[in-house]
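To start, the structure under review is shown below, and the notes come after it.
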Amino acid sequence: MDDRTFRRAMGKFATGVTVVTTEFQGEAKGMTANAFMSVSLDPKLVVVSIGHKARMHDIVKQTGKFAVNILRRDQEELSRLFAGQLKEERHVSFDWVNGHPILPEALANILCNVHSTYVAGDHTLYFGEVTDILMKDEPGDPLLFFEGKYRSIGQ
Ligand code: FAD
Ligand code: NAD
């Protein structure tokens, strides 16, 4: 089976979009990821799958912690930025919470310590034990990703 068929099929699974962030050498670092899942309630675990070619892969290995920022529908540009798809650099304002850089306008920020890892092919699954959660009180719609395109609820 070719890669295109696999990606087209996986693209039929609609997801939200997150930016995985961590602090590295005193600076914030982020990477767009839609391979995110809730795993366990007791203990509270989530997982993100990070490709071995991504710089974030080695960074999280070293920092041992990460935050998952669930993007709002109006944060497509941030998704493109942290996927390396914008030509120009942008200044991004992070809030800092317990040593984690987080995106303040996200729908939710899930702060984690790395609980365990599992190498799976060309990606590593980073399981995170959740230490803190920040959420907005006001309602907001998520940014969605389906068939390789950004979408929003009702669109
Ligand atoms: P880099 O290339 O180092 O950084 C990515 C971009 O973020 C760069 O443009 C950089 O300038 C910018 N950036 C980083 N930190 C900052 C900062 N503090 N301020 C301003 N800009 C900053 N890959 C996966 O492995 N797993 C996934 O689940 C996944 N899901 C994806 C979902 C979508 C919708 C998309 C579009 C891409 C996804 N990717 C995923 C691909 C991944 O986002 C890119 O391959 C990414 O560029 C690899 O990250 P890197 O760590 O090598 O980042
Ligand atoms: P796309 O059409 O390539 O993605 C459709 C779906 O295929 C994704 O939602 C994901 O489930 C799967 N997928 C894509 N690339 C993958 C990879 N390298 N490993 C495992 N699963 C993968 O979407 P696009 O808009 O062309 O993506 C832009 C870039 O972001 C591409 O370089 C793509 O490879 C990358 N991306 C990577 C992942 C990932 O590593 N899990 C997920 C999404 C997008």
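The values are calculated or read from the model by the stated rules, or taken from the named source; none is laboratory data. Model, not experiment: these values are computed from the prediction. Counting neighbours? That spans all protein chains shown, and the Cβs are built from the backbone with ideal geometry, glycine included. Surface accessibility is based on the protein's heavy atoms, side chains included, excluding ligands, DNA and RNA. Shrake-Rupley method; radii C 1.70, N 1.55, O 1.52, S 1.80 Å.
Any chance the stretch 16-30 includes a residue that's more than 14 Å from ligand 1 (Cβ to nearest atom) and either within 25 Å of L144 (Cβ to Cβ) or open to solvent by 20 Å² or more (accessible area, probe 1.4 Å) (or both)? Write out each step before concluding.
In the first step, residues of the stretch 16-30 are kept if they are more than 14 Å from ligand 1 (Cβ to nearest atom); the result is none.
Scanning the stretch 16-30 turns up no residue that is more than 14 Å from ligand 1 (Cβ to nearest atom) and either within 25 Å of L144 (Cβ to Cβ) or open to solvent by 20 Å² or more (accessible area, probe 1.4 Å) (or both).
Residues of the stretch 130-155 being in contact with a Cys (Cβ under 7 Å, 6 or more places away or on another chain) and farther than 17 Å from V19 by Cα, which ones?
Of everything in the stretch 130-155, just one residue is in contact with a Cys (Cβ under 7 Å, 6 or more places away or on another chain) and farther than 17 Å from V19 by Cα, namely T131.
For the stretch 57-103, how many residues meet the condition of being within 16 Å of F24 (Cβ to Cβ) and in a helix (DSSP H, G or I)?
8
Kindly provide the set of residues from the stretch 73-88 that are farther than 18 Å from Q155 by Cα, open to solvent by less than 90 Å² (accessible area, probe 1.4 Å) and of a type in the set (D, E, K, R), ordered by number.
R80, E88
Could you tell me whether any residue of the stretch 130-140 is touching a residue at least 24 places away in the same chain (Cβ under 8 Å) and within 25 Å of H52 (Cα to Cα)?
Yes; the residues of the stretch 130-140 include at least one that is touching a residue at least 24 places away in the same chain (Cβ under 8 Å) and within 25 Å of H52 (Cα to Cα).
Those residues that are part of a loop (DSSP other than H, G, I, E, B), touching a Lys or Arg at 6+ places or on another chain (Cβ under 9 Å) and either within 23 Å of E105 (Cα to Cα) or polar (S, T, N, Q) (or both), I need them from the stretch 1-54; list them, please. Break it down stepwise before answering.
So the first thing to find is which residues in the stretch 1-54 are part of a loop (DSSP other than H, G, I, E, B), and the list is 1-2, 11-14, 17, 25-26, 34-35, 41-44, 52-54.
Then drop every residue that is not touching a Lys or Arg at 6+ places or on another chain (Cβ under 9 Å), which leaves 11, 14.
Across the stretch 1-54, the qualifying residue is only A14.
Which one of these is open to solvent by 40 Å² or more (accessible area, probe 1.4 Å), at pLDDT 95 or above, within 13 Å of ligand 1 (Cβ to nearest atom) and under 23 Å from S38 (Cβ atoms): F145, F66?
None of the other options fit; the residue is F145.
Yes/no per residue for (1) open to solvent by 80 Å² or more (accessible area, probe 1.4 Å); (2) within 14 Å of ligand 1 (Cβ to nearest atom); (3) of a type outside the set (G, A, S):
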position: I59; (1), (2), (3): no, yes, yes
position: L71; (1), (2), (3): no, yes, yes
position: R90; (1), (2), (3): yes, yes, yes
position: I110; (1), (2), (3): no, no, yes
position: A120; (1), (2), (3): no, yes, no
position: L125; (1), (2), (3): no, yes, yes
position: I133; (1), (2), (3): yes, no, yes
position: G140; (1), (2), (3): no, no, no
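I'd like the residue in the stretch 117-155 that is in a strand (DSSP E or B) and touching a Gly at 6+ places or on another chain (Cβ under 9 Å) and, out of all such residues, is farthest from ligand 2 (Cβ to nearest atom).
Going through the qualifying residues, I end up with P142.
I want to confirm something. Restricting to the stretch 92-104 and keeping residues that are surrounded by 15 or more Cβ atoms within 10 Å (Cβ to Cβ) and not hydrophobic (A, V, I, L, M, F, W, C), which single residue is farthest from L41 (Cα to Cα)?
Selected residue: P101.
Identify the residue in the stretch 31-57 that is more than 7 Å from ligand 1 (Cβ to nearest atom) and among the aliphatic types (A, V, I, L, M) and, among all such residues, is most open to solvent (accessible area, probe 1.4 Å).
Ranking the candidates gives L41 first.
With the structure loaded, tell me whether T124 is in contact (Cβ under 8 Å) with a residue 24 or more places away in the chain, more than 15 Å from the chain's Cα centre (by Cα) and closer than 22 Å to I50 by Cα or whether it fails that test.
no
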